[in-house]
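Here is the structure we will look at, set down as structure tokens.
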Amino acid sequence: MGMLRKTAVLLFAAASAFGQTPNTILATSYNVPPVGLAMSETAQVNVVNTAVASSSVSGTATGPSCSGSIAFYNNNGTIIGSATSFTVTTGQIFSVTLPYSSTVGSGAHTVIRAVITNETPITAFGIPPCDLAFSLETYDSKSGVTHVFVSGVVTPPVGPIRDGVSPTAP
Amino acid sequence: MRSMLDRKTVGLLFVAASAFGQTTSPVGIWTYTTSSNLPPFGLAVSETAQVNVFNTAVAASCSGTVAFYDGKGSVIGSAASFTAGSGQITSVTLPYASTGGSGSRTVVRAEIAYQTAAGGFAPCSLSYSLETYDTGTGVTHTFVSGAVAQYAVASGTLQGVVPPSAH
């Protein structure tokens, strides 16, 4: 599956962030490659939802929407701070930053990584269209000039769900 | 396989009502608008963003638009139209001052769209790159490249429309 490993987990949800009660939430996580961060730098993850409303998506009663969270981890696998939740509709960009001072790293350079989780609610109306793309950047904290840039796509849920077939509950 | 960078957002348009204000086919022929959404990227006060499109087709010209969007999904200024003949490179730039951003840095994205005739057999093939560079020195900071998939190619996803067999 390439550099970005995908893990999908089916979770029951008792409440909905979308005003409907989902039967299931499909959580898909992507591990962005580790990146070095200098004392003078800030890391930033950007996500955007490029989905457009389409009548071809079965049962779509809501507009395009992607929800999930972004978390940074240190080289020991420990989360840095806490994950940040997001919800983006069509064309919206959401960004989370991590300045070096928040990494609790030592020395001039530390290595961190980011995990992006896309949580797709599955309701009686189907799922909202979500095409989630991301980029990870590091940049000079003062000038804003970019030093590292990595981009990719968070693949939508598997076909049967996209086609409106309810998944089997775990 | 859905791929954002080469994913095709397809709309059916009568050429007579082309969004590009030009007629590329006889009236009544269906055309498709194929779009590639580039990943979001940061732009510093000292930087300029640039999208380059390159027509790799042997004997054809590609017409389309390049648009930049801010973090709210609003277009920055207006989309820039281009027509690139075989082997030609067309570039569209976005200096930080045009983004409407505040502070030392803002996040934007770009979208490339071009028209393909019915059946997807128009011999137009676009490659692109996105760069950010220091406005003063021209030194490149960010670089992303790819190809805009054509309708004739089986990859990507057609959303909700099937070209009519007759019209």
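Read-outs: derived from the displayed coordinates by stated rules, not from any lab. Only a predicted model underlies this, so the values are computations on that prediction, with no experimental measurement involved. Virtual Cβ from ideal backbone geometry, glycine too; neighbours counted across all protein chains shown.
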query = How many partner chain Cβ atoms sit within 10 Å of a residue's Cβ in peptide B:40-49, on average, as a whole number?
reply = 6
ask   = Along the Cα-to-Cβ line of B:Thr140, 7 Å from the Cα, sits a label point; which residues in segment B:76-90 have backbone N less than 20 Å from it?
value = B:87-90
task = Can you tell me the FRET efficiency between A:Ala124 and B:Ser81 if r is taken as the Cβ-Cβ distance and R0 is 51 Å, rounded to the nearest 0.05?
result = 0.70
remark   = A correct Karplus calculation of ³J(HN,Hα) over segment B:47-55, with 6.51 cos²θ - 1.76 cosθ + 1.60, θ = phi - 60°, whole Hz and x for Gly and Pro, returns 10, 10, 9, 9, 10, 10, 10, 10, 8
key: Full-stretch length increase - B:Ser91, B:Ser74 - with 0.36 nm per residue and alpha-carbon distance subtracted   = 4.0 nm
Shielding of A:88-94 by partner chains, average beta-carbon count, 10 Å = 5
inquiry  = Just to check I understand the Karplus step: with θ = phi - 60° and J = 6.51 cos²θ - 1.76 cosθ + 1.60, what whole-Hz values come out for segment A:126-135, glycine and proline as x?
reply    = x, 10, x, x, 9, 10, 9, 10, 9, 9
inquiry  = What distance in nm lies between label points placed 7 Å from Cα along the C-beta direction at A:Ser106 and A:Val148?
reply    = 2.1 nm
inquiry  = Net charge around A:Ser141, counting only other residues with Cβ within less than 14 Å of its Cβ (Lys, Arg = +1; Asp, Glu = -1)?
reply    = -1
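When ranked by the protection proxy of mean other Cβ atoms within 10 Å per residue, highest first, what sequence do the peptides B:89-98, A:115-124 form?
Output ranking for B:89-98, A:115-124: A:115-124, B:89-98.
Give the average, rounded to an integer, of partner chain Cβ atoms located within 10 angstrom of each Cβ in B:108-115.
Numbers: counts 2, 7, 0, 2, 0, 0, 0, 0.
Counting other chains' Cβ atoms within 10 Å and averaging over B:108-115 gives 1.
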